[in-house]
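In what follows, a single structure is set out as structure tokens and then discussed.
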Amino acid sequence: MKFSVPDNLSEALEKLKLASTDSATDSVESCLDCLLKALANNNTEASVKIQEMGILPLLPTLLKPQSSCTPKVANIIAEVAKNEFMRSPCVEAGLIPPLIQLLNSTDQEVLLQTGRALGNICYDSHEGRSAVDLAGGAQIVAEHIKSLYQNTEPENEKLLTVFCGMLMNYSNDNDSLQAQLINMGVIPTLVKLLGIHSHNTALTEMCLIAFGNLAELESSKEQFASTNIAEELVRLFQKQTEHEKKEMIFEVLAPLAENDVIKLQLVEAGLVECLLEVVAQTVDGEREEDIAQLKTASDLMVLLLLGDESMQKLFEGGKGSVFQRVLSWIPSNNHQLQLAGALAIANFARNDGNCIHMVDTGIVQKLLELLDRHVNEGNVTVQHAALSALRNLAIPVVNKSKMLSAGVADVVLKFLQSEMPPVQFKLLGTLRMLIDTQGRDLIVSLSLSLCFCFVVVVVVVFFFFPKTRF
């Protein structure tokens, strides 16, 4: 049977039906070329037409490992699967098993288009992911990445980008599939891949997105900690100038920094210096991206200080440059820096030695001045953070009388009128820490203040709620 080159999509689809049963390779290829052209011109419209004319169930027979048509067929599947409404039909048409078989091919173009097809079918599709899972597709792709990650040829990097994207789409927002990838050992491989291919923007971004997904699982932290992920991320961060790229790295750093071992690794890799530089560059910025970066960097700084070892390394006996820089945030006019500075002091004040040193060097006065600024401004988060820092500093016995002499009680009692429960609880916690045998004056002052508050409450209840029963 002789076929002419089709002029339109409908004609191509009709001829493809005939050609697919006749195994006429040349005529099939011309029809496939027409489909690809139609998809490039209007993907959605062409995909609807392909579905309506029942073409999808014909495609499995065209996905033959040795056929020259195979890359084009896989490419067509990848293109139609860009549409959400086509993903389930692709699964129902039985396309997943033959695509998975093609992952065993040695032809790079076949692997590339197959990876694209599987990745697009998996995107936001429970049916797609389940079918790929059942066929063992993720394991094969993970093995490919392990065998290819050291190859820096451009075509190989393109294939690695597609395979990483496929695994990302396969496991995104799915804890069980993410755990499956972790058990396959993909994390160490991806970290090595990032180090070798950091010059490749597309591949680097795909790695970062994959890390961001996997890092949310607690079970991933141990694997990450066994790699040099901290060094790679810090090295990558130092190269970035664009806000979006830095944000991508921040999104990976935040969940990783919840692990104490990785906290220390990040500190040793020089992340803190990077964060301080970001703060210095954005503190006076008015753009939304500057404000966002300032918050992210200062929040991450505070998070690093939650680890005992990382905190002590940065404290350096109270003489560390990082500690001194954080202190300078407290008198800042920027509320985000004030908050981060107070929270950092609260974290530094997690052992008696640090507390004693900080009280002796006048940090209490800085915190009191900060609180005074917020009696009227009423920034609750800053109030709460400053009170937390004072509470921690008041734990060592030797600090109590010094803090009372510095006027802590007088400033703290100004917040008794606060209507915010977090501030009230932290205020009472701070006062409790200050009260001991050396704090009789505070007890008297506190008693009078509480009595006054009680009288106010009784008067209000009596006049405004006369029927209330006590």
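The values are calculated or read from the model by the stated rules, or taken from the named source; none is laboratory data. These figures come from a predicted structure and were not determined experimentally. With ideal geometry, Cβ positions are generated from the backbone for all residues, glycine too; neighbour counts draw on all protein chains shown. When the accessible area is computed, the model is the full protein with side chains, heavy atoms only, and any ligands, DNA or RNA have been set aside. Shrake-Rupley method; radii C 1.70, N 1.55, O 1.52, S 1.80 Å.
Annotations for the structure displayed:
- Cα centroid separation - segment 394-427 against segment 270-336, whole Å: 25
- Percent RCO, i.e. relative contact order, over the chain, from Cα pairs under 8 Å lying at least 6 residues apart: 7
- Cα centre as origin, Lys/Arg/Asp/Glu Cβ charges: the chain dipole, Debye: 1520
- Relative to the current alpha-carbon distance between Arg432 and Ser226, full extension at 0.36 nm per residue lengthens the span by 69.9 nm.
- Selected from Asn228, Leu371, Ser405, residue furthest toward positive end of dipole (the chain; charges at beta carbon): Ser405
- In Å², nearest 10: area of Arg325 left accessible to a 1.4 Å probe: 100
- Under 20 Å from the Ser328 label point (7 Å along Cα→beta-carbon), backbone N, segment 336-354: 336-346, 348
- The Cα center of segment 79-128 and the Cα center of segment 171-188 differ in position by 19 Å.
- The label-point distance for Thr106 and Glu11, in a model that sets each label 7 Å from Cα toward Cβ, rounds to 4.1 nm.
- Phi-based couplings in Hz for segment 393-400 (Karplus 6.51, -1.76, 1.60; Gly and Pro marked x): 5, 7, 5, x, 4, 5, 8, 4
- Peptide ranges 348-354, 83-89 listed from the most packed, as the mean C-beta count within 10 angstrom indicates: 348-354, 83-89
- Using the Cβ-Cβ distance between Asp260 and Glu29 with R0 = 60 Å, the FRET efficiency computed as 1/(1 + (r/R0)^6) comes to roughly 0.55.
- Signed unit charges on C-beta, dipole axis of the chain, positive-most listed residue Gln312, Ala93, Ala142: Gln312
- Surface calculation, 1.4 Å probe, protein heavy atoms: Asp284 sits at approximately 130 Å² accessible.
- Whichever aspartates and glutamates have a C-alpha closer than 18 Å to that of Lys158, once near sequence neighbours (fewer than 8 apart) are set aside: Glu79, Asp107, Glu109, Glu143, Glu205
- Residue pairs, from the table Lys146/Lys245; Lys245/Lys313; Lys313/Lys366; Lys246/Lys426; Lys37/Lys245; Lys313/Lys414, whose Cα atoms sit over 30 Å apart: Lys246/Lys426; Lys37/Lys245; Lys313/Lys414
- Sorting the segments 208-221, 379-392 by their residues' average number of neighbouring beta-carbon atoms within 10 angstrom, most packed first, yields 379-392, 208-221.
- Largest accessible area first, the listed residues Leu190, Leu264 line up as Leu264, Leu190 when surface is computed with a 1.4 Å probe on the assembled protein chains.
- From helices alone, the chain scores -23000 deg cm²/dmol at 222 nm; the rule is -39500 (n - 2.57) for each run of n ≥ 4 DSSP H residues, then divide by the residue total.
- Computed magnitude of the charge dipole of segment 307-447 (debye, nearest 20; Cβ of K, R +1, Cβ of D, E -1): 60
- Pairs of Cα atoms nearer than 8 Å and 6+ residues apart set the relative contact order; for segment 1-125 it is 22 percent.
- Under the simplified labelling scheme, the His243-Asn42 pair shows an inter-label distance of 3.8 nm, with each label point 7 Å from Cα along Cα→Cβ.
- For segment 382-430: accessible area per residue (Å², 1.4 Å): 40
- Whole-Hz ³J(HN,Hα) from phi, Karplus 6.51 cos²θ - 1.76 cosθ + 1.60, for segment 64-76, glycine and proline x: 9, x, 9, 7, 5, 7, 4, x, 5, 5, 5, 5, 4
- Dipole magnitude for segment 203-316: about 220 debye, using +1 per Lys or Arg Cβ and -1 per Asp or Glu Cβ, origin at the Cα centre.
- Structure-derived log10 I(q)/I(0) by the Debye sum over Cα atoms at q = 0.05, 0.07, 0.11, 0.13 Å⁻¹: which label, when the choices are [x] -0.20, -0.39, -0.95, -1.27; [y] -0.32, -0.55, -0.91, -1.09; [z] -0.22, -0.41, -0.94, -1.33: [y]
- Given charges at Cβ of Lys, Arg, Asp, Glu: the chain dipole, positive-most of Ile249, Leu35, Leu102: Ile249
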